[in-house]
Amino acid sequence: MAIVAIVGRPNVGKSTLFNRLCRNRQALVDDFPGVTRDRNYGLVRWDERSFTLVDTGGYLGGELEVLETETRRQLMVALEEADLVVFLGDGKAGLQPEDRSLVDLLRRSGKPVLMAVNKIDGPEREAHAAEFFQLGLEPCYGVSAAHGYGVRQLLDAIGELLPEEAPAGVTDESPAEVRISIVGRPNVGKSTLLNQLLGEDRAVVSELPGTTRDSIDTPVTVAGQKYVLIDTAGIRRKGRTTEKIEKLCIIKALQSIDRSHVVILLIDAGEGPTDQDLHIGGYIQDRRRACIIGVNKWDAFDRGAKASRQFLQDLKDRFQFLAFAPVLTLSALSGMRVNRLLPTVAEVFHQYDQRIGTGVVNRVLQQAVERHEPPLVAGHRLKFFYGTQAYTRPPTFVLFCNRPDKVHFSYQRFLANHFREAFGLGKTPLRIVFRGRRRDDDR
C-alpha cells in the first residue's frame, strides 16, 4: 500500500489536514465501531484507491535542539518511506524562509511532491496562496483543513500520482506460499514465537534478501506447505513512543501487515487485551487481512477453569469486529500448543483464498432471499438480480440489486452470515458489495 507523508512548518495545520483526510465520513475512510486511530498515521480510502497517511513533526530550519533533531530525523525517515509527499504551507502566515528550506530538502529527496496551502477558506482567499508559486511547485492546491474547502481536489490529485495497486484481494504471490506476519505490542513474545515455529525445521530456513531493518522474512516449509514468516517491531501506544523515530517503526509494521495473507495478533495473557491490541486489530481489519488471535504466556495464566472461560469470553467481546478470527491459547516460551498454529494458518488461508462459482453464488443468494425476504424501501421491494465473486483474499461478492444504497445494515449482516454458513467461510474476512443496474433492467 502506498504511503503519503504530510510535511510542513509547525502550526501550518498538518494534523488538522491529517484528521480531515482520515476521519471524514464522506467516503474518505472506512471507520469501524470501537476502534480509534492514532494521530500519526491512518488509512485513507478515496475513489477506490487506498493509502497510508503519515503526519510528521513540524520542520524547523537552522540550528536544532535535541528534540527538534529527533523531529528532523522523523521527517527524513518519513521521506525515505513515502511514495508521495504533500507539502503544506500556511496561507495566513504567508511564505516563510523555512518553507523554502524544506522544499529544497524535498527536491533533494527525489520524491514526487504536491503543494497545498492551508487556511484558504474559499475561492475569495485563493489569492493568499499566490506567493507560494515562488517555490516552483505546480499546481498549488488551496485548502481549508478545518472546513474541508479544496480537500476533494487534493485527494483527486493524490490518487492520480500514487503508484498503481492491485485490486482489493488480489496479490502477486502464488497461493502455494502463505505469508504470515506476527504483530503485537513490544515484549508479548513475537520473536520467541517465531523461533519456536522454526524449531525443528531450521534446516530448511534461509533469510530472504531485501528485508528492512525492522522486519525479517524467513521462509519455512512444514508438511509440504511453504510459509514466509515476518517478524515485526512492536507497536506501542502513542504515550510510550518517546522517540519520534520509533513512531516510524509502526509504519514498517503496517507494511508487514500489507504484505501478509494471514496476521497473527499476539497478546499477553497476563495483561489481557489492551486498547492498543484493539488498535492493532483495527489495522488488520482496515487492510482486510485474515487473522488469528494468539494469547501468549497461557501457561502462566493459572486462575482456574471459570476464570479462563471468562477471560476468553471477554476477549471475544472486545474483538467483536474480528469475530471471524480464531483464538488460540499458547506459550511461545515452552512451546505449548504452538504446533496448532500453522495448521490453523493453513485452514484460515484456504478460506481467505476460496473461489466460489457464480452458479453456486446465485443459488445461495436465492436461498437467502427466500429464507428472509428483503424489506420494503420507500414502498418498493428491494430486488436482487444476481451475484458473483469478484475477488479472493478476502472473498468479495458483488450483488446486483435495484436499490444498492438502500440495503439496510441488518440485511447486509444477514446476507454475510448466510454466505459464511453456506460456503464454510467462518474464519476469514468477507466482503459484500452492492451495485445497481440500468433502470430498464429493474422492470
Q. Once the piece of chain linking D299 and D156 is laid out straight, how much longer is it, given 0.36 nm per residue of separation minus the C-alpha distance between them?
A. 46.3 nm
Q: Using R₀ = 25 Å, calculate the FRET efficiency as 1/(1 + (r/R₀)^6) where r is the Cβ-Cβ separation of E347 and F385; round to 0.05.
A: 0.15
Q | Spacing of the two label points (7 Å from each Cα toward its C-beta) at Q366 and F133, in nm | A | 6.4
(Q) I'd like the distance separating the alpha-carbon centroids of the range 275-315 and the range 71-126, in whole Å. (A) 41
Q) What distance in nm separates the simple spin-label points at A307 and V377, each placed 7 Å from Cα in the Cβ direction? A) 5.2
Q: Scan around V222 for amide H atoms under 5 Å from its own, H built in the peptide plane at 1.01 Å from N, and keep only partners 5 or more places away or cross-chain.
A: Y227
Q) Ordered by residue, what ³J(HN,Hα) values in Hz, to whole numbers, does the range 125-133 give under the Karplus form 6.51 cos²θ - 1.76 cosθ + 1.60, where θ = phi - 60° and Gly and Pro are x? A) 9, 4, 4, 5, 8, 4, 5, 6, 5
(Q) Whole-Hz ³J(HN,Hα) for each residue in the range 267-276, computed from phi via Karplus 6.51 cos²θ - 1.76 cosθ + 1.60 with θ = phi - 60°, x for glycine and proline: what do you get? (A) 10, 9, 4, x, 8, x, x, 9, 4, 5
Q) Could you give the length gained on full extension between A422 and R125, defined as 0.36 nm per residue of separation minus the Cα-Cα distance, in nm? A) 101.2 nm
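Values quoted throughout were computed directly from the atomic coordinates according to the rules given, and no laboratory measurement underlies them. Note that this is a predicted model, so its numbers are computed, not measured. Cβ sites come from the backbone with ideal geometry, for glycine too, and all protein chains shown count toward neighbours.
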